[in-house]
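The structure appears below as structure tokens.
The values are calculated or read from the model by the stated rules, or taken from the named source; none is laboratory data. All figures in this text were calculated on a predicted structure; none of them were measured in a lab. Glycine also receives a Cβ, built like all others from the backbone with ideal geometry; neighbour counts cover every protein chain displayed. The protein model used for the area step is the full one, side chains on, heavy atoms only, and it has no ligands, DNA or RNA in it. Shrake-Rupley method; radii C 1.70, N 1.55, O 1.52, S 1.80 Å.
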Amino acid sequence: MPAPEARTDTAARPAAEPLVSPVGSYNEWDPLEEIVVGRLDGATIPSRHPVVACNMPPWAARLQGLAAGTRYPRLLVERARQELDRFVALLESLGITVRRPDAVDHGRRFGTPDWSSRGFCNTCPRDSMLVIGDEIIETPMAWPCRYFETHSYRSILKDYFRRGARWTAAPKPQLTDELFDAGFRVPKAGEPLRYVLTEFEPVFDAADFVRAGRDLFVTRSNVTNGMGIDWLRRHLGPGFRIHEIASRCRTPMHIDTTFVLLAPGKVLVNPEYIDVDHLPDVLSSWDVLIAPEPDPIGERLLRITSMCGKWLSMNVLMVDEKRVIAERHHTGMLRALESWGFEPIPCDLLHYAPFGGSFHCATLDVRRRGTLESYFD
Ligand SMILES: NC(=[NH2+])NCCC[C@H](N)C(=O)O
């Protein structure tokens, strides 16, 4: 094959305009300008795997395994879609630019030299991508069925990169058996917490982290191990601090129903999972707001199909330091937010729970108007 001809045209490439990254978000509360919202198309029940099964009751794990590879029931998808469409319309009515991933056939089997899987969905961009300033980091997810989930966002990621964003992928994990504790079982009440993950390789979901400028907070979980936290800490470097938050949840996955940053100096905590007397010292000057008991979910089908616990009432999305999109059903949370000086914007997304979460889960805030600050003494 002859060597490609060297470019001989003498036309100097025009001086490139300085790129201004369309991605810029350092915290959970600056005024929101652009956001990615997941989608429900093709949602497929994941293949059986211990890292998936450990988040649900044994009977549900057995059913999930039997149904692996089949589409989510249309009834569940359509009710969630109606709410999701109204949520997107609300965001756009607030002047926020909304981007959506490509539709994907989640029923296709895929794999690596070590395993194969089917399923899931791209409903929760919060889980697979972490935005730190102008950088989007694809995170090394521990669920095999989520291994290529960010591919449905590549049109968006390439657009952001072309326009000046920094785009990084953490080391793709192998997800071989060595990463998972074969003897794992969910700890019973009163037993010491343990995790399904070993320290074989770094894995973490983006949703186990929340950002407060130069300080991030993380929970160890069944999708985030210590090596994953260390990888991010080293990647971000000395300009950032990552503080671990101890959660008492016996099936921990994702921090955004446990410890939710609302505004500078104000954090919402889950009284069931968090021991408020043992928070990191750095929070000593912050107001620690105790989440009220969620309003009961009457729909039995929703209760049994939810992938999440009852605390999705905390899974709110800050529009700015005051306005917050929160679940209309959870009136106790709406009243509490008002009492704390916030302006809740009620919206419906209750039926998104079977697909992984609520407002914070379903979104990735890629641009907020603000700069890198430190909010702690
Ligand atoms: N970013 C997310 N998908 N968060 C969902 C949090 C679900 C959490 N494990 C719960 O059971 O409440």
Worksheet entry | Karplus 3J(HN,Hα) series, Hz, for region 160-170 with 6.51 cos²θ - 1.76 cosθ + 1.60 (x for Gly, Pro) | 4, 5, 4, 8, x, 6, 8, 9, 10, 10, 5
Practice prompt. Please work out how much length the chain gains when fully extended from residue 189 to residue 299, using 0.36 nm per residue of separation minus the C-alpha to C-alpha distance, in nm with one decimal.
Written response: 36.9 nm
Fill in: Semi-axis lengths, Å, region 75-228, gyration tensor of Cα atoms, sqrt of 5 times eigenvalues
28, 20, 18
Worksheet entry | For a label point 7 Å along the Cα-to-beta-carbon line of residue 70, residues of region 285-311 with backbone N under 15 Å | 305
Worksheet item: Using a 1.4 Å probe, what is the accessible area per residue for region 136-175, in Å²?
Response: 40
Worksheet, complete the sentence: Along region 87-101, Karplus-curve 3J(HN,Hα) (6.51, -1.76, 1.60; θ = phi - 60°) to the nearest Hz, with x for Gly and Pro, reads 5, 4, 4, 4, 4, 5, 5, 8, x, 9, 6, 10, 10, 10, x
Response to the item:
Where a ≥ b ≥ c are root eigenvalues of the Cα gyration tensor, a/c under 1.5 meaning rounded, otherwise prolate if a/b exceeds b/c and oblate otherwise, region 278-333 counts as prolate
Fill in: Carbon/sulfur fraction of accessible area - the chain, other protein chains in place, 1.4 Å, %
53
Worksheet, complete the sentence: Rg/Rh over Cα atoms for region 168-298, Kirkwood Rh, comes to 0.98
Practice prompt. May I have the convex hull volume per residue, in Å³, for the Cα set of region 302-377?
Written response: 116
Worksheet item: Kirkwood hydrodynamic radius for the chain: how many Å is it when counted over pairs of different Cα atoms?
Response: 21.4
Worksheet item: Which of 175, 232, 193 sits farthest toward the positive end of the charge dipole of region 158-249, with +1 on the Cβ of Lys and Arg and -1 on the Cβ of Asp and Glu?
Response: 232
Fill in: Mean projection area, nm², convex hull over Cα of region 138-200
6.1
Worksheet, complete the sentence: Binned at 10 Å from zero, the C-alpha pair distances of region 229-361 give percents of 12, 40, 35, 12, 1
Worksheet, complete the sentence: Expected vector for region 47-62, Karplus 3J(HN,Hα) from phi with 6.51, -1.76, 1.60 and θ = phi - 60°, integer Hz, x for Gly and Pro, equals 4, 4, 6, x, 6, 8, 5, 5, 9, 9, x, x, 5, 6, 5, 5
Fill in: Per-peptide average of other Cβ atoms within 10 Å, ordering 208-217, 299-308, 113-122 highest first
208-217, 113-122, 299-308
Worksheet item: By the gyration tensor of its Cα atoms, with a ≥ b ≥ c the square roots of the eigenvalues, what is the shape of region 334-377: rounded for a/c under 1.5, prolate for a/b over b/c, or oblate?
Response: oblate
Item to complete: Quick one: net charge around residue 172, please, counting Lys, Arg +1 and Asp, Glu -1 for every other residue with C-beta under 13 Å from its C-beta.
Response: -3
Worksheet entry | Distance from region 122-151 to region 257-299 (C-alpha centre basis), Å | 25
Fill in: Principal axes of region 172-239: Cα extent on each, largest first, Å
39, 30, 16
Worksheet item: So, in Å, what gap is there between the alpha-carbon centers of region 81-96 and region 35-71?
Response: 26
